[in-house]
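Novice: Sharing a structure with you now.
The values are calculated or read from the model by the stated rules, or taken from the named source; none is laboratory data. Note that the coordinates shown come from a computational prediction; the quantities given were computed from them, not determined experimentally. In this analysis, Cβ positions are derived from the backbone assuming ideal geometry, glycine residues included, and neighbour counts consider all displayed protein chains. For accessibility, only protein heavy atoms count, side chains too; no ligands or nucleic acids. Shrake-Rupley method; radii C 1.70, N 1.55, O 1.52, S 1.80 Å.
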Amino acid sequence: TANELQHKFKQHKLLLTKQGWLPPQEVFGGPPIFGDRRPFAAAIRGCDPLWEALQLKEPSPEDCVKVLQEVAKGRKREPEADEKAILLETFEKLAEHWKNGETSEKSKMAKLALWTTKGWQRQRPVYATDDRSLIAGLGDHLAIWCPGVELEQFRPLLEPLKVNENLADNAHEINPEHAYEDDELTEVFRQAVGLLHEKLLHKDTSLPKKLKTQWDSLETYSVKVHQDLELRVEVDPNQAHNCEVDAKVDIDAATVYVKNRDVLGRVEKGGRALAALFEGNPENLAMEWVAAYQNAQDGIEKRNLERAEERAARQEAEMEDRLVEFQESTAERHGSRANRASQSFGSSQRPETSTSRRAPLGPAHAPAAPRVLHDPGSLTLVDPAGRRTEGPRSPAGSNSERSSALSSPRSESIAPQSRTPPPLYTSGELESAGLELLRRVLGGDSDEIVDLRTQRGVGADAVDELRRYYELKVHAGKEPDQVTLTYSGVKRALSTPDFFLVVVSNIEKSGDTQPTVRVFLDPLKQLQPTDRGSITLSGVREAKSLIYTFDPTDEGLTPDSRD
């Protein structure tokens with residue numbers, strides 16, 4: 001019978017434990033939560049009916065309290081790994097008894113020594129929080145219980161253990177007015193909250209209900225960056241401490257405060273701060289938050305990229321419309337009746353120069369030709385649509401023809417030198433020739449297009465009667481790919497919508513060179529800036545622009561070339 005079985009096991013001590021052979025009344029049943037500090041029956045498959053027949057008892061609240069007292073007795077150092085396991089499982093068993101209404105050891109529990117941030121503490125007050133930033137910031141000032149796991153598992157024990165959990169409720173931001181709202185982080189946060197809510201509804205239907213505020217409300221929170229983020233924790237009416245934190249969600253202010261822009265999407269910072277909004281502070285919620293945050297960030301970046309592409313396409317279309325308007329206005333000045341539907345926009349290509357115009361190469365020992373400028377009056381304007389506009393006749397004695405007069409020979413004999421002769425023009429004459437070509441392009445004279453080169457601080461070299469400003473970059477030789485704007489030029493470009501950059505090249509008369517005028521609208525947007533003190537803009541030969549070239553007048557061409 002059951003009585004005989006119990007008697008025989010008791011009489012002969014028939015239960016083998018780690019502490020030796022013992023009678024059933026001295027052995028516990030169930031998991032060995034006390035480690036080697038108490039005897040437990042072996043966990044053998046199929047033996048449960050036997051343990052029930054022998055009436056093995058499970059650890060009682062009194063047993064749990066005694067073991068907890070033994071572990072802490074006379075200790076000063078942190079518990080060892082095996083002791084931490086005993087403490088953890090014993091507190092869990094004690095919490096189970098407490099939830100079942102077994103409160104016989106309440107008075108003793110209030111005096112239990114607990115492992116805290118200030119060592120073993122028997123005296124109260126002792127505090128508890130799941131907020132790791134508060135633990136790190138206040139641990140040197142307050143005894144904060146360190147149970148080794150999420151506090152939720154031991155929440156039923158906080159009242160009998162006389163542990164205060166109000167630290168987070170009494171924490172408030174210091175100088176919140178010093179924080180500034182970050183629109184980009186706010187957008188990501190709100191998107192991530194929506195994704196997190198959707199994920200939790202599918203994964204754990206009970207978890208969304210544990211949020212301490214409303215989901216709809218949380219999706220309207222703002223994110224503010226506070227570089228000196230600190231909390232003031234009112235421990236009691238006579239005690240307060242400051243605590244540095246990386247992130248804090250303030251329900252009353254409907255605001256998420258972060259120390260910098262990088263912490264919101266991190267598990268131990270933004271993730272922990274958000275988890276604090278949930279009852280029980282679920283352990284895995286911080287990880288779920290990081291996944292939702294990353295997905296929200298990726299989605300916003302993709303959408304912003306699509307918007308950027310749309311914006312770029314719209315700006316390009318607007319730029320083409322403005323170039324069309326500019327080209328048509330100059331054509332009207334010239335009295336052109338050509339079909340304006342055909343347009344030619346920015347590229348580095350130019351009309352091929354007829355080979356019949358090329359000057360024949362002289363002998364290797366021939367002296368270098370004198371360096372003179374093209375005479376704007378002897379050129380024919382060719383606009384981007386290929387329309388030709390005849391220019392004024394070159395006046396007699398033009399500056400560009402100074403080199404045509406013959407010199408008297410000298411008696412000394414000097415061998416020719418292989419070097420480039422100095423130019424027969426000044427830099428001022430070079431710029432003036434460039435300005436004259438611009439006037440030819442615009443179809444205006446000196447009254448309509450005013451020279452501003454001698455006026456400092458204007459930020460442009462010319463202005464027309466429509467208050468359109470032109471900055472000239474004139475080059476004797478081939479067109480460069482970089483030009484430099486002065487400080488005043490940059491200011492003019494930023495402040496004046498009708499600001500044009502004009503790059504004039506091939507002004508020097510050499511062989512079959514073809515003077516070219518390239519016109520840019522909004523050069524700061526069209527070209528790439530290079531930081532060199534002032535500002536250097538790159539990509540001249542590739543950006544969208546209008547290109548005007550100049551051919552010799554018909555009188556200067558052979559019949560074949562004229563055709």
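Novice: Checking the conditions here, which among LEU231, LEU201 is of a type outside the set (Gly, Ala, Ser) and surrounded by fewer than 17 Cβ atoms within 10 Å (Cβ to Cβ)?
Specialist: Among LEU231, LEU201, only LEU201 is of a type outside the set (Gly, Ala, Ser) and surrounded by fewer than 17 Cβ atoms within 10 Å (Cβ to Cβ).
Novice: Can you pull out every residue in region 278-319 that is touching a strand residue (DSSP E or B) at 6+ places or on another chain (Cβ under 9 Å) and closer than 26 Å to LYS203 by Cα?
Specialist: Of the residues in region 278-319, the ones touching a strand residue (DSSP E or B) at 6+ places or on another chain (Cβ under 9 Å) are 278-279, 285, 319.
Scanning region 278-319 gives PHE278, GLU279, LEU285.
Novice: Considering every residue within region 108-120, establish whether at least one is touching a residue at least 12 places away in the same chain (Cβ under 8 Å), of a type in the set (Phe, Trp, Tyr) and open to solvent by 30 Å² or more (accessible area, probe 1.4 Å). Before you say what the answer is, go through the steps one by one.
Specialist: Kept after step one, since they are touching a residue at least 12 places away in the same chain (Cβ under 8 Å), are these residues of region 108-120: 108-110, 112-120.
With the extra rule that they be of a type in the set (Phe, Trp, Tyr), the set shrinks to 115, 120.
Narrowing further to those that are open to solvent by 30 Å² or more (accessible area, probe 1.4 Å): 115, 120.
Scanning region 108-120 turns up at least one residue that is touching a residue at least 12 places away in the same chain (Cβ under 8 Å), of a type in the set (Phe, Trp, Tyr) and open to solvent by 30 Å² or more (accessible area, probe 1.4 Å).
Yes or no, residue by residue, for (1) of a type outside the set (A, V, I, L, M); (2) surrounded by fewer than 16 Cβ atoms within 10 Å (Cβ to Cβ); (3) not in a helix (DSSP H, G or I):
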site	(1), (2), (3)
PRO31	yes, yes, yes
ILE44	no, yes, yes
PRO49	yes, yes, no
GLU52	yes, yes, no
PRO59	yes, no, yes
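Novice: Right, something else. Give me the residue from region 509-549 that is within 22 Å of LYS491 (Cα to Cα) and of a type in the set (Gly, Ala, Ser) and, out of that set, farthest from the chain's Cα centre (by Cα).
Specialist: Among residues in region 509-549 that are within 22 Å of LYS491 (Cα to Cα) and of a type in the set (Gly, Ala, Ser), the one farthest from the chain's Cα centre (by Cα) is SER545.
Novice: While we're looking at this one, here's another question. Report whether or not LEU264 is among the hydrophobic types (A, V, I, L, M, F, W, C), buried (at least 16 other Cβ atoms within 10 Å of the Cβ) and over 16 Å from the mean Cα position of the chain (by Cα). Please lay out each step first, then the result.
Specialist: Working: among the hydrophobic types (A, V, I, L, M, F, W, C): yes; buried (at least 16 other Cβ atoms within 10 Å of the Cβ): yes; over 16 Å from the mean Cα position of the chain (by Cα): no.
So LEU264 does not fit the description; no.
Novice: Hey, another quick one. Suppose the filter is free of Cβ contacts under 8 Å to residues at least 40 places away in the same chain, out of contact with any Asp or Glu (no Cβ under 7 Å at 6 or more places or on another chain), aliphatic (A, V, I, L, M) and surrounded by 15 or more Cβ atoms within 10 Å (Cβ to Cβ); does VAL249 pass it?
Specialist: Working: free of Cβ contacts under 8 Å to residues at least 40 places away in the same chain: yes; out of contact with any Asp or Glu (no Cβ under 7 Å at 6 or more places or on another chain): yes; aliphatic (A, V, I, L, M): yes; surrounded by 15 or more Cβ atoms within 10 Å (Cβ to Cβ): yes.
The answer is yes for VAL249.
Novice: Restricting to region 496-521, what's the tally of residues that are outside any strand (DSSP E or B), modelled with pLDDT of 85 or more and farther than 18 Å from PRO480 by Cβ?
Specialist: Taking region 496-521 as the starting set, the residues that turn out to be outside any strand (DSSP E or B) are 496-498, 506-507, 510-515.
Of the ones still in play, those that are also modelled with pLDDT of 85 or more are 496-498, 506-507, 514-515.
Among the residues that remain, those that are also farther than 18 Å from PRO480 by Cβ are: 496-498.
Residues meeting the conditions: 3.
Novice: Working only within region 128-167, note down all residues that are open to solvent by 30 Å² or more (accessible area, probe 1.4 Å), within 22 Å of LYS93 (Cα to Cα) and either without any contact (Cβ under 8 Å) to a residue 12 or more places away in the chain or within 34 Å of the chain's Cα centre (by Cα) (or both).
Specialist: GLU159
Novice: Those residues that are part of a loop (DSSP other than H, G, I, E, B) and touching a Gly at 6+ places or on another chain (Cβ under 8 Å), I need them from region 471-495; list them, please.
Specialist: So in region 471-495, the residues part of a loop (DSSP other than H, G, I, E, B) come out as 475-481, 486.
If the condition is that a residue be part of a loop (DSSP other than H, G, I, E, B) and touching a Gly at 6+ places or on another chain (Cβ under 8 Å), then ASP481, THR486 are the ones that fit.
Novice: Would it be correct to say that SER495 is surrounded by fewer than 17 Cβ atoms within 10 Å (Cβ to Cβ), of a type in the set (Ser, Thr, Tyr) and within 22 Å of GLY428 (Cβ to Cβ)? Before you say what the answer is, go through the steps one by one.
Specialist: Details: surrounded by fewer than 17 Cβ atoms within 10 Å (Cβ to Cβ): yes; of a type in the set (Ser, Thr, Tyr): yes; within 22 Å of GLY428 (Cβ to Cβ): no.
No; evaluated as a whole, the condition is false for this residue.
Novice: Filtering region 444-476 down to residues that are within 20 Å of THR389 (Cα to Cα) and open to solvent by 30 Å² or more (accessible area, probe 1.4 Å), which residue is nearest to the chain's Cα centre (by Cα)?
Specialist: Top of the filtered list is GLU448.
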